[in-house]
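Q: Dumping the structure here so I can ask a few things about it.
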Amino acid sequence: MMLRSRLVSLSWMWLLLSVCQSHGVTDDKPNIVLIMVDDLGIGDLGCYGNDTVRTPNIDRLASEGVKLKQNIAAASLCTPSRSAFLTGRYPIRTGMTSNTTNRVIHSLGVPGGLPVNETTFAALAKKEGYSTALIGKWHQGLNSRYRGDHAHHPHKYGFDFYYGLPFSLYNPCWPDPSRDAELAITHRVCVCVQLIAVTALTLALGRLTGWLCVPWFLMLLMALFIFLLGYFWLSSYTSGLYWNCIMMREDEITEQPMKADRAETIMMKEAVSFLERNREGPFLLFYSFLHVHEPLPTTEAFIGTSQHGLYGDNVEEMDFFMGKLLSAIDNFGLRNNTLVYLTSDHGGHLEARLGHAQLGGWNGVYKGGKGMAGWEGGIHVPGIVRWPGVLPAGSEIEEPTSLMDIVPTVAAVTGGTLPQDRVIDGRNLMPLLQGKVQESDHEFMFHYCGSFLHAARWNPKDSQAVWKVHYVTPVFQPPGAKACYETKYCTCSGDLVTYHDPPLLFDLSRDPSESTPLTGDTEPLYDLVINTVADALEEHKKTLTPVEQQLGVELNEDSIWLRPCCGVFPFCMCDKVGDVSTLEA
Ligand SMILES: *[C@@H]1O[C@H](CO)[C@@H](O)[C@H](O)[C@H]1NC(C)=O
Ligand SMILES: *[C@@H]1O[C@H](CO)[C@@H](O)[C@H](O)[C@H]1NC(C)=O
Ligand SMILES: *[C@@H]1O[C@H](CO)[C@@H](O)[C@H](O)[C@H]1NC(C)=O
Ligand SMILES: *[C@@H]1O[C@H](CO)[C@@H](O)[C@H](O)[C@H]1NC(C)=O
């Protein structure tokens, strides 16, 4: 009798163990899909309260996962914010800052970039046996010492596969609508120049070997002509289009210049094919949208379909592509074993306007936007995490989280270890997401504008308050405006900022729009908060060590010798893609 019951309980235990184990095998090494939308405002999504822009796919993702309601970017511009996302570290630690007005990598011809001794989430996952890929925008540098050295290529940071735009979408990339005609003309000029160059070379060879008699002055004229054409080519007004708007597959340039309105379609095809190749897993895919950055290249099918002009059309098209990606995950049977994370690199760009048309995003109730590191609108971004069966569907978290949390979270779910020789500012999100703890580890966060500290937040334990202390704020222009319309981006230092002493204080839990600063008269805790945050700031500063500024004057200087080229320099032009029908994936 005893023996039998023991056997029964043993077999029960065995059953339990094996169930746990098989559960463990699938859940311990989930696939990871990280999705970053470019310049998307938190107020642009249905699931964050927008009732006129249609984003059904993202809204569904939110209802199936956890919605983060205080998800904070480490910087308010692309390059530094993405560097922090990739490394889990404040840009001030990695050198992805500057004290000049250049706060991003401003061309593909600059030698700066994310230092290769930084460890990204891709490198962590790769070490644990994951296939890794980056598809889309990079904006962390490319070449360093010579053209094509690819010292800052995604391959150097743990991404096995890369397809995308190594720079960033910006206005020259989509000079619509005369674009096609202009391209055709430049193409013809290019072919002409090449023909002339070949002729001249033949003549020169003929002259040198003596079988041809051409007067030297004709040769000189020819050389001068080629020199002039080359010069115009290099310095032509379309140079941004040719030198920065390129697409790459692995180490090869596939399009120079890119055709912006079909780029996302090709990217999505690459993403789906990566998922298919790796359906046996485990894999980590970082899908980095070109949407919804200016100049908003949008396909015909979406133009004029939203209630918010070209910007709204572009957001809705982005959601359409999200749907493609999510259904590919479903179709390959990957849904239950894949952690999906969606965010934006920073707030919407308020100053992006063309006449009366708004070309940048909407940050809901939050003040300010892209480029403003202190005001909430610059850094308060959407955050959605789905992992069916592991994370509760349809829940919301008010606690502070950071884009820098992804590195430790990836380490936790892949079984990897974080580098021990440096400070990691992110925290593992899993306990909070699974409801195992109620409070986030981010008691303090520091909000840098370039290398200048503008503000800090304090989420005290056991309190609803979210204190925000501002030391520096940008001066909005023209007077009375709600953003920096005259300079297009707010600056971090100098004449166009206000230094606050005593600092400005807000409690975001009562005043999310940061509309009325609290004072010693209106807030009994004023002194306590200001002093506590000042102490935390001192402690934080002690953890900083000097690093070379990657975005400052020297490393952000454009050189034509570093610009990528898919032909014979300076005749850089190619299209290795051929015809693509858009919107398919
Ligand atoms: C929805 O988003 C659009 C586009 O950014 C914006 O103009 C509009 O104000 C938003 N509406 C709400 C209710 O947030
Ligand atoms: C900016 O940093 C450089 C060193 O990288 C320094 O020489 C310069 O004085 C700094 N400028 C300002 C305005 O802080
Ligand atoms: C995925 O998980 C859900 C519950 O979490 C379950 O209902 C569904 O059958 C699972 N699907 C697959 C394909 O395992
Ligand atoms: C990376 O190398 C730079 C330059 O040698 C150094 O200053 C920095 O501390 C290194 N970073 C890490 C994380 O080791």
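The values are calculated or read from the model by the stated rules, or taken from the named source; none is laboratory data. Please read these numbers as outputs of a predicted model, since none were measured by experiment. Don't worry about glycine lacking a Cβ; one is built from the backbone with ideal geometry, like all the others, and counts go over all protein chains shown. When the accessible area is computed, the model is the full protein with side chains, heavy atoms only, and any ligands, DNA or RNA have been set aside. Shrake-Rupley method; radii C 1.70, N 1.55, O 1.52, S 1.80 Å.
Q: Only helices at least 30 Å long along their own axis, judged from Cα atoms, and with Kyte-Doolittle mean hydropathy of 0.5 or greater: name those in the chain from DSSP H.
A: Once both thresholds are applied, what remains is 179-209.
Q: Could I ask something else about it? Taking a threshold of 27 Å on the Cα-Cα distance, which of the pairs 67/367; 436/461; 126/259; 67/468 fall above it?
A: 126/259
Q: Now for a separate question. Amide H to amide H under 5 Å from residue 574: which residues, 5+ apart in sequence or cross-chain, H placed 1.01 Å off N in plane?
A: Answer set, sorted by chain and number: 256.
Q: List the residues whose amide H sits under 5 Å from the amide H of residue 138, counting only those 5 or more places along or on another chain, with H placed 1.01 Å from N in the peptide plane.
A: Amide H neighbours of residue 138, under 5 Å, 5+ apart: 165, 167.
Q: At 1.4 Å probe size, put 104, 340, 547, 198 in order of accessible surface, largest to smallest. Before the final figure, lay out the partial values.
A: On the way: 104 35, 340 0, 547 65, 198 90 Å².
Solvent-accessible surface, decreasing: 198, 547, 104, 340.
Q: Report ³J(HN,Hα) in whole Hz for each residue of the stretch 491-505, in order, from the Karplus equation J = 6.51 cos²θ - 1.76 cosθ + 1.60 where θ = phi - 60°; Gly and Pro get x.
A: Couplings: 9, 9, 8, x, 6, 9, 10, 10, 8, 9, 9, x, x, 7, 10 Hz.
Q: For the peptides 256-266, 74-84, 510-520, what is the packing order when you average, over each peptide's residues, the other Cβ atoms within 10 Å and list the highest mean first?
A: In descending order of packing, they fall as 74-84, 256-266, 510-520.
Q: Give me, ordered by chain and number, the residues 5 or more places off residue 32 or on other chains with an amide H under 5 Å from its own placed amide H.
A: Here 283, 284, 285, 339 satisfy the definition.
Q: Follow-up. Using a 10 Å cut-off on Cβ atoms, rank the peptides 49-59, 371-381 from the highest mean neighbour count down.
A: Numbers: 49-59: 16.8, 371-381: 29.2.
Per-residue Cβ counts within 10 Å, averaged per peptide and sorted highest first, yield 371-381, 49-59.
Q: Sticking with this one: Taking only protein heavy atoms into account and a 1.4 Å probe, give the accessible area per residue of the chain in Å².
A: The answer is 43 Å² per residue.
Q: With θ set to phi - 60° and the Karplus curve 6.51 cos²θ - 1.76 cosθ + 1.60, what are the ³J(HN,Hα) couplings of the stretch 482-490 in order, to the nearest whole Hz, using x for Gly and Pro?
A: Each residue of the stretch 482-490 in turn: 10, 6, 9, 5, 6, 9, 6, 10, 6 Hz.
Q: Using a 1.4 Å probe on the protein heavy atoms, what percent of the accessible area of the stretch 417-470 belongs to carbon and sulfur?
A: 48 percent
Q: Across the stretch 141-151, in residue order, what do the Karplus-derived ³J(HN,Hα) couplings come to in whole Hz, using 6.51 cos²θ - 1.76 cosθ + 1.60 with θ = phi - 60° and x for Gly and Pro?
A: x, 9, 9, 10, 10, 8, 4, x, 6, 6, 5
Q: At 25 °C and a viscosity of 0.890 mPa s, what translational diffusion coefficient does Stokes-Einstein give for the chain, taking Rh as the Kirkwood radius over Cα pairs? Give it in µm²/s as a whole number. Each step should come with its number before you reach the end.
A: Working: Rh = 25.6 Å.
Estimated via Stokes-Einstein, D reaches 96 µm²/s.
Q: For the stretch 484-517, which chymotrypsin sites (Phe, Trp or Tyr not before Pro) pass both filters: DSSP loop (anything but H, G, I, E, B) and at most 15 other C-beta atoms within 10 Å?
A: 485
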